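So the structure is just underneath, and the comments pick up after that.
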Amino acid sequence: MAHTLTTPDLAVGVDDVARLLTPDGERIADPDLGRWVADVDHELLRGLYRDMVLVRRIDTEGIALQRQGQVGLWAPCQGQEAVQVGTARALRADDFAFPSYREIGVNFVRGAKPADFVIAWRGEEHSTFNPYDINTATPQIIIGAQTLHAVGYAMGIQRDGADQVAATYFGDGATSQGDVNEAMIFASSFRAPVVFVCSNNQYAISEPVTVQAKYPIAGRAPGFGIPSVRIDGNDVLASLAAMRWAIDHARSGKGPAYIEAVTYRIGPHTTSDDPTRYRSKDEVERWKQRDPIARVEALLRAEGAFDDEFAASVASDADELGAKVREATLTATSREPIGVLDHVYEEPHTGLQEQRREFGAYLAGFEASEEASR
Amino acid sequence: MTEMTMVKAINAGLRRAMADDPKVVVMGEDVGRLGGVFRITDGLLDEFGAARVIDTPLAESGIMGTAVGLALRGYRPVVEIQFDGFVYPAFDQIVCQVAKLHYRTRGNVKMPITIRIPWAGGVGAAEHHSESPEAYFVHTSGLRVIAVSNPQDAYVMLRQAIASDDPVVYFEPKRLYHQKGEVDLDVDLADAPPMGLARVAREGSDVTLLTYGSQVTTALDAAIAAEDEGVSIEVIDLRSLSPVDYRTVTASVRKTGRVVVTHEAAKEAGVGAELVASVTERCFHYLEAPPQRVTGHDIPYPPAKLEKYHIPDLDRILDAVDRVLDKPNSLTGLEEWRTAETGRAGVGGGVL
Ligand SMILES: Cc1ncc(C[n+]2csc(CCOP(=O)(O)OP(=O)(O)O)c2C)c(N)n1
């Protein structure tokens with residue numbers, strides 16, 4: 001499936017995309033995508049709505065916790081809920097996801113617990129969840145590295161004769177990295193069952209996507225021999241449909257598939273960033289008009305499937321989750337000092353054992369002097 | 001003299017170097033419109049334009065490789081690696097190309113590239129944002145490696161690095177970015193001490209404390225604390241890690257007879273190991289005690305909440321000072337364990 005790509009100035013074009021839901025929330029037909037979501041009824045739609053609202057709540061809670069000094073940093077995902085939730089909902093539990101640091105919605109759908117969203121940003125651990133518990137790799141900070149991991153994992157699936165797929169998530173900036181390009185070459189050469197999901201949120205920190213790409217990013221994949229589609233990433237239905245197509249393609253042995261989801265990061269890159277330096281208020285306002293959550297709400301309302309009772313139940317779920325995320329942060333405890341030396345090796349390492357002994361004795365010196373002064 | 005932070009001093013150094021030489025170009029991720037994530041390049045885009053302040057694609061190998069091409073063409077690229085942990089994708093270009101081209105071409109090609117790296121921990125950052133990779137570069141012949149510790153040095157040595165026809169890896173301690181100091185903005189490079197000279201940051205007579213970059217402040221604090229206990233520490237800020245100014249170092253060691261090295265990077269095969277070996281070669285007969293290293297542990301950089309147990313602090317430095325002075329210290333009594341235990345448990349039952 002390749003969406004039409006014509007002129008070279010489309011890298012920034014945000015409307016040359018496949019979509020199933022207009023920014024006003026009208027359901028529209030798309031010859032390629034439509035059939036992949038023919039089964040989507042009100043109940044499923046309401047589920048996607050609920051997911052997105054909960055993800056946004058985790059995000060607002062994270063920002064608040066950062067402002068209160070409870071977590072060191074936060075990478076907001078507001079505006080990107082549709083692509084994260086829509087694509088992740090298409091995965092099977094035994095498929096394996098390889099997200100970046102911003103994929104809160106992917107981790108949520110995969111089953112991350114409240115603490116999993118905050119403990120690493122709080123600086124207590126590099127990774128909270130065990131990747132095998134939710135078949136999702138630890139969020140990646142090195143831009144693009146996870147795409148190669150996904151391809152390798154997919155090659156393993158292939159060798160096992162299994163019918164799982166690997167999915168990897170990355171940003172528009174990441175497409176400039178050698179790793180991402182090498183990942184596409186490997187995936188294509190070996191027909192690995194992997195799906196690439198590029199969330200083109202228009203910026204890599206301050207750099208607009210045009211610094212990374214003059215031609216639509218989805219247009220690159222065919223050059224590697226990988227079919228691609230360019231979708232409206234603020235459309236949860238299109239995200240679900242495109243991902244179902246891509247997964248079906250990969251699962252049925254046809255090799256990798258590629259999705260470019262055109263979306264927008266409403267907030268700053270991270271809580272350390274000042275986006276007013278590189279983008280206008282107008283631009284942000286324009287994108288707020290394309291809000292992925294409001295879009296689904298409009299559709300559900302128009303179809304009489306959104307009432308006060310439903311709204312209240314989603315709101316209360318969100319409150320509950322928000323409270324849990326906060327509690328997980330506030331009740332977090334730090335490891336003992338000697339813990340810095342834990343888990344460096346699996347087998348005993350005499351060099352480190354010696355350092356442990358030395359540092360342990362050093363720490364014990366403080367305890368001894370504290371006791372003596374009591 | 002003007003009082004300013006290291007961030008401002010480096011900014012001023014860049015501005016001055018760009019004004020002095022139209023061949024100087026600044027490149028990296030977010031260095032243009034945003035002014036860099038640390039605002040080091042703030043205002044440069046407005047002043048010098050997009051041809052000289054280049055917002056690059058998000059690809060460190062690409063940034064470094066194109067800097068090589070620009071240098072071949074006669075430019076003097078100043079590359080910003082956004083954070084220490086992101087230099088690794090560029091490592092191949094630095095080690096195989098930047099460091100070797102001059103040698104490979106028998107001096108026909110110059111690589112006047114300055115590689116600025118916001119460096120090391122202590123700022124509560126996320127994973128991959130607190131690395132101390134200096135030893136990799138020190139080990140690579142063909143590179144000069146600088147680690148600055150105060151605004152004045154940052155300003156002068158950056159200009160010297162840019163003016164140098166050799167590639168220079170220039171480490172900027174994030175932890176000291178916002179510490180203020182006096183800077184002489186009008187300093188004439190011809191009169192300034194050459195890049196690479198070590199600085200006696202504090203004179204002393206009992207112990208030589210060798211350090212650099214982010215640890216200099218801690219080392220000076222340790223020297224003040226030691227003085228209260230009647231121990232006189234001479235603190236040497238190496239400033240250049242490749243080459244090391246051994247003239248200054250050995251003069252101090254010959255005076256004190258005792259050496260402690262401290263750095264934040266891990267111990268194994270680190271800069272401290274090199275320093276201790278070299279000092280021992282040069283000053284063996286002057287040494288009164290085995291030189292000691294106080295370093296980060298041999299672990300991946302820990303999560304932010306635990307970094308205070310990794311970065312050498314004043315107490316760990318003083319503990320090592322006690323060791324070279326043969327005073328009671330945390331290792332007292334551990335020698336027996338060291339000889340007995342090391343040499344037992346090992347991988348696969350072998351002796352390690
Ligand atoms: C190898 C590497 N270089 C630089 C960085 C610093 N950095 C973190 S996020 C980021 C921008 C990423 O942009 P994009 O890939 O578009 O993803 P987004 O953050 O927009 O989701 C940069 C430059 C990094 N984490 N890794």
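The values are calculated or read from the model by the stated rules, or taken from the named source; none is laboratory data. Predicted model only: the values in this text are computed from it and were never measured. Here the Cβ is made from the backbone with ideal geometry for all residues, glycine too, and neighbour counts use every protein chain on show. Remember, those area values only see protein heavy atoms, side chains included, never the ligands or the DNA or RNA. Shrake-Rupley method; radii C 1.70, N 1.55, O 1.52, S 1.80 Å.
What number of residues in segment A:188-215 are under 30 Å from B:Gly35 (Cβ atoms), in contact with a Gly (Cβ under 6 Å, 6 or more places away or on another chain) and more than 10 Å from the ligand (Cβ to nearest atom)?
Counting residues in segment A:188-215 that are under 30 Å from B:Gly35 (Cβ atoms), in contact with a Gly (Cβ under 6 Å, 6 or more places away or on another chain) and more than 10 Å from the ligand (Cβ to nearest atom) gives 0.
Taking the condition within 14 Å of another protein chain (Cβ to nearest Cβ) and within 16 Å of the ligand (Cβ to nearest atom), does B:Ala50 pass? So that I can check it myself, show each step before the final result.
Working: within 14 Å of another protein chain (Cβ to nearest Cβ): yes; within 16 Å of the ligand (Cβ to nearest atom): no.
Against the criterion (within 14 Å of another protein chain (Cβ to nearest Cβ) and within 16 Å of the ligand (Cβ to nearest atom)), B:Ala50 does not qualify.
I need the full set of residues from segment A:349-373 which are loosely packed, with under 12 Cβ neighbours inside 10 Å and of a type in the set (Gly, Ala, Ser), in order please.
Step one: list which residues in segment A:349-373 are loosely packed, with under 12 Cβ neighbours inside 10 Å, which gives A:367-373.
Within segment A:349-373, A:Ala368, A:Ser369, A:Ala372, A:Ser373 meet the criteria.
Restricting to segment A:216-239, and then to whatever is part of a loop (DSSP other than H, G, I, E, B) and within 16 Å of the ligand (Cβ to nearest atom), can you tell me which residue is nearest to A:Thr22 (Cα to Cα)? Give the derivation first.
Narrowing segment A:216-239 to residues part of a loop (DSSP other than H, G, I, E, B): A:216, A:220, A:225-227, A:233-235.
Adding the requirement that they be within 16 Å of the ligand (Cβ to nearest atom) leaves A:216, A:220, A:233-234.
On the way: A:Pro216: 21, A:Arg220: 26, A:Gly233: 11, A:Asn234: 9 Å.
Out of the qualifying residues, it is A:Asn234.
When segment B:161-188 is examined, which residues are found to be more than 15 Å from B:Val123 (Cβ to Cβ), of a type outside the set (Gly, Ala, Ser) and surrounded by fewer than 23 Cβ atoms within 10 Å (Cβ to Cβ)? Even if it seems obvious, please write down each step before you answer.
Taking segment B:161-188 as the starting set, the residues that turn out to be more than 15 Å from B:Val123 (Cβ to Cβ) are B:161-170, B:180-188.
Narrowing the set further to residues that are of a type outside the set (Gly, Ala, Ser) leaves B:162, B:165-170, B:180, B:182-188.
Those that are more than 15 Å from B:Val123 (Cβ to Cβ), of a type outside the set (Gly, Ala, Ser) and surrounded by fewer than 23 Cβ atoms within 10 Å (Cβ to Cβ): B:Asp165, B:Asp166, B:Lys180, B:Glu182, B:Asp184, B:Leu185, B:Asp186, B:Val187, B:Asp188.
Tell me, yes or no, whether segment A:91-104 has at least one residue that is among the charged types (D, E, K, R), open to solvent by less than 50 Å² (accessible area, probe 1.4 Å), closer than 23 Å to A:Leu240 by Cβ and within 15 Å of the ligand (Cβ to nearest atom).
We begin by selecting, within segment A:91-104, every residue among the charged types (D, E, K, R); these are A:92, A:94-95, A:102-103.
If we keep only those that are open to solvent by less than 50 Å² (accessible area, probe 1.4 Å) as well, we get A:95, A:102-103.
Of the ones still in play, those that are also closer than 23 Å to A:Leu240 by Cβ are A:95, A:102-103.
Among the residues that remain, those that are also within 15 Å of the ligand (Cβ to nearest atom) are: A:102-103.
Yes, segment A:91-104 contains a residue that is among the charged types (D, E, K, R), open to solvent by less than 50 Å² (accessible area, probe 1.4 Å), closer than 23 Å to A:Leu240 by Cβ and within 15 Å of the ligand (Cβ to nearest atom).
What number goes with the only condition from (1) in contact (Cβ under 8 Å) with a residue 40 or more places away in the chain; (2) under 17 Å from A:Arg92 (Cα atoms); (3) open to solvent by 30 Å² or more (accessible area, probe 1.4 Å) that A:Pro193 does not pass?
Failing condition for A:Pro193: (3).
What are the residues in segment A:172-192 that are assigned to a helix (DSSP H, G or I) and within 14 Å of chain B (Cβ to nearest Cβ), if any? If you could, list the steps in order and put the result at the bottom.
Kept after step one, since they are assigned to a helix (DSSP H, G or I), are these residues of segment A:172-192: A:173-176, A:178-189.
The answer is A:Gly173, A:Ala174, A:Thr175, A:Ser176, A:Gly178, A:Asp179, A:Val180, A:Asn181, A:Glu182, A:Ala183.
Being closer than 14 Å to A:Ile58 by Cα and open to solvent by 10 Å² or more (accessible area, probe 1.4 Å) is the filter here; which residues of segment A:74-89 pass it?
Across segment A:74-89, the qualifying residue is only A:Gln78.
Please find, within segment B:28-47, the residue that is farthest from B:Lys180 (Cα to Cα) out of those that are more than 12 Å from every other protein chain (Cβ to nearest Cβ) and crowded, with 19+ Cβ neighbours inside 10 Å.
Looking at the filtered set, the residue picked out is B:Leu44.
Out of curiosity, is A:Val236 hydrophobic (A, V, I, L, M, F, W, C), under 30 Å from B:Gly124 (Cα atoms) and under 19 Å from the mean Cα position of the chain (by Cα)? Before you say what the answer is, go through the steps one by one.
Values: hydrophobic (A, V, I, L, M, F, W, C): yes; under 30 Å from B:Gly124 (Cα atoms): no; under 19 Å from the mean Cα position of the chain (by Cα): yes.
So A:Val236 does not fit the description; no.
For segment A:17-33, what are the residues that are open to solvent by 20 Å² or more (accessible area, probe 1.4 Å) and either without any contact (Cβ under 8 Å) to a residue 12 or more places away in the chain or assigned to a loop (DSSP other than H, G, I, E, B) (or both)? So that I can check it myself, show each step before the final result.
Filtering segment A:17-33 down to residues open to solvent by 20 Å² or more (accessible area, probe 1.4 Å) leaves A:19, A:22-24, A:26-32.
Correct list: A:Arg19, A:Thr22, A:Pro23, A:Asp24, A:Glu26, A:Ile28, A:Ala29, A:Asp30, A:Pro31, A:Asp32.
Can you tell me which residue in segment A:159-182 is nearest to B:Gly65 (Cα to Cα), limited to those that are within 16 Å of the ligand (Cβ to nearest atom) and charged (D, E, K, R)?
A:Asp179
Of the residues B:Leu72, B:Leu158, which single one is out of contact with any His (no Cβ under 7 Å at 6 or more places or on another chain), away from the ligand (no atom under 16 Å from the Cβ), open to solvent by less than 20 Å² (accessible area, probe 1.4 Å) and not small (Gly, Ala, Ser)?
Numbers: B:Leu72 fails: open to solvent by less than 20 Å² (accessible area, probe 1.4 Å).
On inspection, the qualifying residue turns out to be B:Leu158.
So in segment A:339-348, with the set limited to residues that are farther than 19 Å from B:Gly124 by Cβ and at the interface with chain B (Cβ under 8 Å from one of its Cβ atoms), which one is least open to solvent (accessible area, probe 1.4 Å)? Step through it out loud before you land on a result.
Initial filter on segment A:339-348 (farther than 19 Å from B:Gly124 by Cβ): A:341-348.
Still in the list and also at the interface with chain B (Cβ under 8 Å from one of its Cβ atoms): A:341, A:344, A:347-348.
Values: A:Leu341: 8, A:Val344: 39, A:Glu347: 97, A:Pro348: 60 Å².
Checking each candidate, the answer is A:Leu341.
Can you say whether B:Ala90 is within 14 Å of another protein chain (Cβ to nearest Cβ), within 16 Å of the ligand (Cβ to nearest atom) and either at pLDDT below 95 or assigned to a loop (DSSP other than H, G, I, E, B) (or both), as far as the supplied structure shows? First the steps, then the outcome.
Details: within 14 Å of another protein chain (Cβ to nearest Cβ): yes; within 16 Å of the ligand (Cβ to nearest atom): yes; either at pLDDT below 95 or assigned to a loop (DSSP other than H, G, I, E, B) (or both): no.
So B:Ala90 does not fit the description; no.
Scan segment A:149-171 residue by residue and report those that are open to solvent by 50 Å² or more (accessible area, probe 1.4 Å) and either within 14 Å of chain B (Cβ to nearest Cβ) or touching a helix residue (DSSP H, G or I) at 6+ places or on another chain (Cβ under 9 Å) (or both).
Our first condition is that a residue be open to solvent by 50 Å² or more (accessible area, probe 1.4 Å); within segment A:149-171, this holds for A:149, A:153, A:158-161, A:163.
Across segment A:149-171, the qualifying residues are A:His149, A:Asp163.
Just checking, how many residues over segment B:284-315 are surrounded by 21 or more Cβ atoms within 10 Å (Cβ to Cβ) and closer than 13 Å to B:Val261 by Cβ?
Count: 6.
For segment A:281-360, please list each of the helices (runs of 4 or more DSSP H) lying entirely inside it that holds at least 1 residues being closer than 30 Å to A:His126 by Cα.
Result: A:308-330.
For the list (1) open to solvent by 10 Å² or more (accessible area, probe 1.4 Å); (2) more than 15 Å from the ligand (Cβ to nearest atom), I need the number of the one condition that A:His269 fails.
For A:His269, the exception is condition (2).
Of the numbered conditions (1) at pLDDT 95 or above; (2) away from the ligand (no atom under 16 Å from the Cβ); (3) of a type outside the set (Val, Ile, Thr), A:Pro23 satisfies every one except a single condition; which is it?
Status for A:Pro23: all satisfied but (1).
Just one of A:Glu285, A:Glu260 is away from chain B (no Cβ under 14 Å) and free of Cβ contacts under 8 Å to residues at least 60 places away in the same chain; which is it?
Numbers: A:Glu260 fails: free of Cβ contacts under 8 Å to residues at least 60 places away in the same chain.
None of the other options fit; the residue is A:Glu285.
Go through segment B:19-66 residue by residue and tally those that are under 20 Å from B:Leu101 (Cβ atoms) and in contact (Cβ under 8 Å) with a residue 40 or more places away in the chain.
5
Mind telling me which of the residues A:Ile134, A:Ile185, A:Ile143 ends up being open to solvent by 40 Å² or more (accessible area, probe 1.4 Å), aliphatic (A, V, I, L, M), away from the ligand (no atom under 16 Å from the Cβ) and touching a helix residue (DSSP H, G or I) at 6+ places or on another chain (Cβ under 7 Å)?
On the way: A:Ile134 fails: open to solvent by 40 Å² or more (accessible area, probe 1.4 Å); A:Ile143 fails: away from the ligand (no atom under 16 Å from the Cβ).
Just a single option satisfies the conditions, and that option is A:Ile185.
Tell me whether segment A:238-255 contains one or more residues that are closer than 30 Å to B:Gly35 by Cβ and either more than 14 Å from chain B (Cβ to nearest Cβ) or open to solvent by 10 Å² or more (accessible area, probe 1.4 Å) (or both). Even if it seems obvious, please write down each step before you answer.
We begin by selecting, within segment A:238-255, every residue closer than 30 Å to B:Gly35 by Cβ; these are none.
No: zero hits.
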